Amino acid sequence: MKPGELQQYMQRLLDAVEQVIVGKSEVVRMVLTGLFAGGHVLLEDVPGVGKTMLARSIARSIKGSFRRIQFTPDLLPSDVTGSSIYDPQKREFVFRPGPVFTNVLVADEINRATPKSQAALLECMEEFRVTVDGETHTLPRPFFVVATENPVELRGTFPLPETQLDRFIMRVDVGYPDPDAEVEMLTRQTLRHPIYDLEPVLTAQDVVEIQQAVRRVYVDDSIKRYIVNIANRTRRAKELTLPASPRASISLFRCAQATAAFEGRDYVVPDDVKRVALPVLRHRVVLNPQYVADGASADTVIREILEQVPVPMAPVPA
């Protein structure tokens, strides 16, 4: 798949989703960047800003299967992955797949479930498979988790552990639409929700091929070093008690490739890395409580690091 063709496919999906999600072009693009990079995305914001609808729009646009799990305190791991049920006719246990066997999965309000149920997604997200009663079952591809999360200050939530947060390639804050976009949203929903008029523009197999093509986007050694230098700088930052992991470097690498493809290039430039650095890193680092008390945030620390790390002059491939 050539760069121009790849960009057309990616833009086609972006345009389709924006028929439903109004005034959030950068948010939609970041979520699709996570999809094309082969990862999963965590959406954090207050209820009612369109987090679940965004995932539904993606699933409908790629003609893929869609499932939703409402995470609650009484949710069991088997409610996520599936379980073995005894079949009296066959006189044996038969695996009954859970809702994770889908193309697009919404883990709705994931931080309302207990850590044990949250952990049921770990193997699914990292290895794209499920192991139940010693048997391993492969998930369909693409497999894309969009987890929604309420702010941790709301009552009845269980903050996600760092190991789970690190499985998400990005954390994207949705935010409220501007007034003009909100008026446009009301207009589009005058008769019925635009999700019902959304037609597929790609197939699930198209997405798999895009993911494979994104991995072939050229990344110069100087850009790789730039990514590693950013990660290493977080490990020396006095403001952080938990810095970026090697998985964070890989995620930044993959998302930079997807960003370059979105721009119609078959090579990565430093600006691609900068564009995705915040959503890739913000949920993987933990601030020193002293700096939290002073009003600092992960975003401000990451921005400072990006300003401090020297930007390479990467050669453009012929």
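The values are calculated or read from the model by the stated rules, or taken from the named source; none is laboratory data. Computed from a predicted structure; not experimentally measured. We place every Cβ from the backbone using ideal geometry, glycine too, and count neighbours over all the protein chains shown.
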Positions within segment 33-85 being crowded, with 22+ Cβ neighbours inside 10 Å, touching a Pro at 6+ places or on another chain (Cβ under 8 Å) and within 12 Å of ALA147 (Cα to Cα), in sequence order
ILE69
Among residues of segment 24-49, those that are more than 22 Å from PRO161 (Cα to Cα), over 15 Å from the mean Cα position of the chain (by Cα) and either part of a loop (DSSP other than H, G, I, E, B) or in contact (Cβ under 8 Å) with a residue 24 or more places away in the chain (or both), counted:
3
PHE101: passes all of (1) touching a Gly at 6+ places or on another chain (Cβ under 9 Å); (2) in a strand (DSSP E or B) but (2)
Let me confirm something: among ARG56, ARG60, which residue is in contact with a Leu (Cβ under 6 Å, 6 or more places away or on another chain), in a helix (DSSP H, G or I) and either at negative phi or not assigned by TED's automatic domain parsing to the domain that holds ALA277 (or both)?
ARG60
Those residues that are part of a helix (DSSP H, G or I) and of a type in the set (Gly, Ala, Ser), I need them from segment 63-98; list them, please.
SER78
Count, please, the residues in segment 92-112 that happen to be in contact with a Pro (Cβ under 7 Å, 6 or more places away or on another chain) and closer than 15 Å to LEU42 by Cα.
3
Considering segment 222-236 alone, what residues qualify as being within 20 Å of VAL286 (Cβ to Cβ) and either polar (S, T, N, Q) or surrounded by fewer than 17 Cβ atoms within 10 Å (Cβ to Cβ) (or both)?
ASN232, THR234, ARG235, ARG236
